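Encoded as C-alpha cells, the structure appears first; notes follow it.
The values are calculated or read from the model by the stated rules, or taken from the named source; none is laboratory data. Quick caveat: nothing in here was measured; it's all calculated off a predicted structure. In this analysis, Cβ positions are derived from the backbone assuming ideal geometry, glycine residues included, and neighbour counts consider all displayed protein chains.
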Amino acid sequence: MFKIVTAFFAIILVCLPLFNKSAMAETYKVQERGTLLKIADKYRTSVDTIVNLNKLLSTQLKPGQYLETPKTYKVSEGETLYKISKEIRVTLLELLEANPTINNPDWIYPGQIINVPIKNEMIYMGDSSKKRIALTFDDGPEDTYTPQILEILREKGVKATFFVVGERVKEYPERLKQMYREGHAIGNHTWDHPHLPELTDEQMNESIQSTTAEIEKIIGFKPDLFRPPYGEIEDRQAELLTKQGYRSIMWTADTKDWSGVSAEEIVSRVKQDASPGAIVLQHNYHVEGKFETVKALPEIIDELRAQGYEFVTVPTLLGK
Ligand code: ZN
C-alpha cells in the first residue's frame, strides 16, 4: 500500500511542472459591488473578453455569481512571446490582443502570468476599449416599423445593424435596399425564424444559405454576420457557422421590446446595460399588441449620446 501511495505522489511530483506549464483557468466569485471593469483589471484583460468567455447576456453582475476567467500561462526562463505563441498554437497578434497591458513583446519575464487568447464561437460584446455601442434590430424588414426606425436613425445620424429574415427580405426588398443604402449593416437571421436546435445541420444550412442568397440577389452584398433566432444555437452549430465564415452575434443588452414593455422600460433597460462595446437587442417587426421600440428609440439615442457614447454598426464594433 505504502509503495502505491509513494508511486502515486511521485507521479504527481513529476507531472506538476507539466501542469504548471500548461494553461490554467480560474473561477472567480463576484464580490459585493463587483463590476466587470474591476474583474477585467484584476485579470489584466478586457471587459469584452470576460463577457464573451462567460456568454453574459447582460453587463449586470450579481454578488456570488461565478465567472470563468481567461486561461493564463506562466512564462518560463528564456521564453519569448513568439515561442509561447508557437507552444499554445496561436498567432503572436492574438497573444498580444489577449494581453493589452503588454506594450512591447520583448518585455516579458520568467514567472510572468499572461493570458491565453480565447476563440469564441459566439460574440456577446464588441471591443470594450472605446465608448461605442451598436444598436441592432431583428426580424424585419417590414413596412410598419422599419420605415419609422430608419427615419429616426437618419435624423439622428445613427448607423445600426439589421438582422433580417429571408422570407421578409423577399417580401420587402425595397426596405432592405433602403437599409443598405443608408449605411446600416445587414446580418442574416435565417429564412423563417426557426428554433435552430430542432434542425438538422442540413436544414440549418439551407435556412441560412437561402437567406444569404436572397440578400445578395437584392443588394449585391453577402453578409457574414449571423444572429440565431431566440438566441438559441447549439455549440456544434455555431462551430459549423464559424467554419463557413459567419460570425454569430448575440447581445449585451436586451430591451425585451417584443414583450409589451413601455418605452420608459425599454430606455431604462438600455441605460442599465449600456457599457462600452455593448450590443443592444431590439426589433423592427411585431405582430400585435403594445410595441414601443419606435417611441423609445430617440430617447435611447439622446440619452446614450449625452453619456458620451458613439453609435456604430456591429462590424465596426467588432474591429479592434
Ligand atoms: Zn428574431
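Does any residue of the range 139-146 turn out to be touching a Gly at 6+ places or on another chain (Cβ under 9 Å) and farther than 19 Å from Ile279 by Cβ? Even if it seems obvious, please write down each step before you answer.
Going residue by residue through the range 139-146, those that are touching a Gly at 6+ places or on another chain (Cβ under 9 Å) are 146.
Add one more test, that the residue is farther than 19 Å from Ile279 by Cβ, and what stays is 146.
Yes, there is a match, as at least one residue in the range 139-146 is touching a Gly at 6+ places or on another chain (Cβ under 9 Å) and farther than 19 Å from Ile279 by Cβ.
Note on the range 247-272: residues that are farther than 15 Å from Leu317 by Cβ and in contact (Cβ under 8 Å) with a residue 40 or more places away in the chain amount to 3. Looking only at residues of the range 130-146 that are away from the ligand (no atom under 12 Å from the Cβ) and in a strand (DSSP E or B), we find that the one that is farthest from His286 (Cα to Cα) is Arg132.
Residues of the range 162-185 being within 13 Å of the ligand (Cβ to nearest atom) and touching a helix residue (DSSP H, G or I) at 6+ places or on another chain (Cβ under 8 Å), which ones?
At the first step, the residues of the range 162-185 found to be within 13 Å of the ligand (Cβ to nearest atom) are 162-168.
Matches in the range 162-185: Phe162, Val164, Val165, Gly166.
Please go through the range 210-256 and pick out each residue that is among the acidic types (Asp, Glu) and either surrounded by fewer than 18 Cβ atoms within 10 Å (Cβ to Cβ) or closer than 28 Å to Leu36 by Cα (or both).
First, pick out the residues of the range 210-256 that are among the acidic types (Asp, Glu): 214, 216, 224, 232, 234-235, 239, 254.
Within the range 210-256, Glu216, Asp224, Glu232, Glu234, Asp235, Glu239, Asp254 meet the criteria.
Checked across the range 44-53, the condition of being in a strand (DSSP E or B), under 24 Å from Tyr124 (Cβ atoms) and outside the structural domain of Ala274 (by TED's automatic domain parsing) holds for no residue.
Close contacts from the range 220-244, counting a first residue that is under 19 Å from Gln203 (Cβ atoms) and aromatic (Phe, Trp, Tyr) and a second that is away from the ligand (no atom under 15 Å from the Cβ) and part of a helix (DSSP H, G or I), with Cβ to Cβ under 8 Å and a gap of 6+ residues or different chains, come to Phe226/Leu241. Within the range 186-219, the set of residues being closer than 25 Å to Lys55 by Cβ, touching a residue at least 40 places away in the same chain (Cβ under 8 Å) and either more than 16 Å from the ligand (Cβ to nearest atom) or assigned to a helix (DSSP H, G or I) (or both) comprises Leu196, Pro197, Ser207, Thr211.
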